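**Student:** Let me give you the structure first, and then I'll get to my questions.
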Amino acid sequence: MRRVERYEVGTRARIDVQVPSGQIEVRVGGPGVVEVVVDATDPEAVTVAHMGDSVTLRQQSRWSLRPRSLCLLVVVPDGAELEMVSASADLRTSGDLGAARVRTTSGDIELDGVGRLEVATTSGDVRVGRVHGDATVTTVSGDATLAAVTGRLGGSTVSGALRADVVGGEVRFGTTSGDVAIGRCDGGAIALKSISGDLSIGLPPGVAVEADLSTTSGRASLPDPAPDDGGAVARRAVRLAMRTVSGDLAVKRA
């Protein structure tokens, strides 16, 4: 059964979703309106509240509900903020949102574009297209993949892997056994650490690296020194710290 509702909002729309499981899609549409489409065995089990620019959706966990029996579509204005808390719901977004704060236990998270990101999951995987600000990613066994982060990147995993293609700001990330691979980082300070995971970082040309690299039983791979220009060109300083016990270290030119 399907239920459709529409709410008028201002320029600072905010969506708050708390559901135990299901399929959640948030899609950017036109300005000034939030549309909620609930497709479930019992659509009335989802409570929707509207106050000002905020729309809140709640579903209580019930034994009679089959896992993933809820399909929820929320169409929001460009730049709307999203907060979601769930046990096992999968989340997918399309278009550019504002700040996104997502917490799940086992649900997968796929975000198109967000202004700022805070995501925490136990075993779900995280895939993000663009973060136009800072990003914090925390997982236990889930993997995280980010295409581009304009600001800083921080967080941790236990056994999950982190891959980020491009990071514009500083990076501070730690793992226990997961691998960390940053394709290119333009920030001035980078700190990566792991016990048994491999660490890899790509740096842009024209930087002066202040390196602090340490591995007990792993291997370290470094690029050849850049040609000496006699100090004719001022190089931007980058502080790089990479530490592992048994993992490998790799520093590359991006």
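**Student:** Would you call Met51 over 24 Å from Asp96 (Cα atoms) and either in contact (Cβ under 8 Å) with a residue 12 or more places away in the chain or of a type in the set (A, V, I, L, M) (or both)?
**Tutor:** Working: over 24 Å from Asp96 (Cα atoms): no; either in contact (Cβ under 8 Å) with a residue 12 or more places away in the chain or of a type in the set (A, V, I, L, M) (or both): yes.
No, not satisfied.
**Student:** Pairs only if they're at least six apart or on different chains, beta carbon under 6 angstrom, first in the range 86-111 and within 15 Å of Gly129 (Cα to Cα), second polar (S, T, N, Q) and crowded, with 18+ Cβ neighbours inside 10 Å; list them, first residue then second.
**Tutor:** Leu111/Thr93
**Student:** Somewhere in the range 83-98, is a residue among the basic types (Lys, Arg), in contact with a strand residue (DSSP E or B) (Cβ under 9 Å, 6 or more places away or on another chain) and over 30 Å from Asp143 (Cβ atoms)?
**Tutor:** No: zero hits.
**Student:** Further question on the same structure: Based on what the data block shows, is Thr47 assigned to a strand (DSSP E or B) and of a type in the set (Ser, Thr, Tyr)?
**Tutor:** So Thr47 fits the description; yes.
**Student:** Another question, then. State the number of residues belonging to the range 188-199 that are under 19 Å from the mean Cα position of the chain (by Cα) and either modelled with pLDDT under 95 or surrounded by fewer than 19 Cβ atoms within 10 Å (Cβ to Cβ) (or both).
**Tutor:** Residues meeting the conditions: 1.
**Student:** Could you check the range 1-29 and list, in sequence order, the residues that are under 25 Å from the mean Cα position of the chain (by Cα) and either farther than 19 Å from Val102 by Cα or among the hydroxyl-bearing types (Ser, Thr, Tyr) (or both)?
**Tutor:** Thr11, Ser21, Gly29
**Student:** Now, a different point. Taking Ala49 as meeting all but one of (1) loosely packed, with under 14 Cβ neighbours inside 10 Å; (2) within 27 Å of the chain's Cα centre (by Cα), write down the number of the exception.
**Tutor:** All conditions pass for Ala49, except number (2).
**Student:** For Ala100, state whether it is modelled with pLDDT of 95 or more, small (Gly, Ala, Ser) and surrounded by 14 or more Cβ atoms within 10 Å (Cβ to Cβ).
**Tutor:** Values: modelled with pLDDT of 95 or more: yes; small (Gly, Ala, Ser): yes; surrounded by 14 or more Cβ atoms within 10 Å (Cβ to Cβ): yes.
Yes; evaluated as a whole, the condition is true for this residue.
**Student:** Taking the stated definitions as given, is Arg130 in contact with a strand residue (DSSP E or B) (Cβ under 8 Å, 6 or more places away or on another chain), farther than 24 Å from Val36 by Cα and among the basic types (Lys, Arg)?
**Tutor:** yes
The values are calculated or read from the model by the stated rules, or taken from the named source; none is laboratory data. Computed from a predicted model, the values in this text were never measured in an experiment. Here the Cβ is made from the backbone with ideal geometry for all residues, glycine too, and neighbour counts use every protein chain on show.
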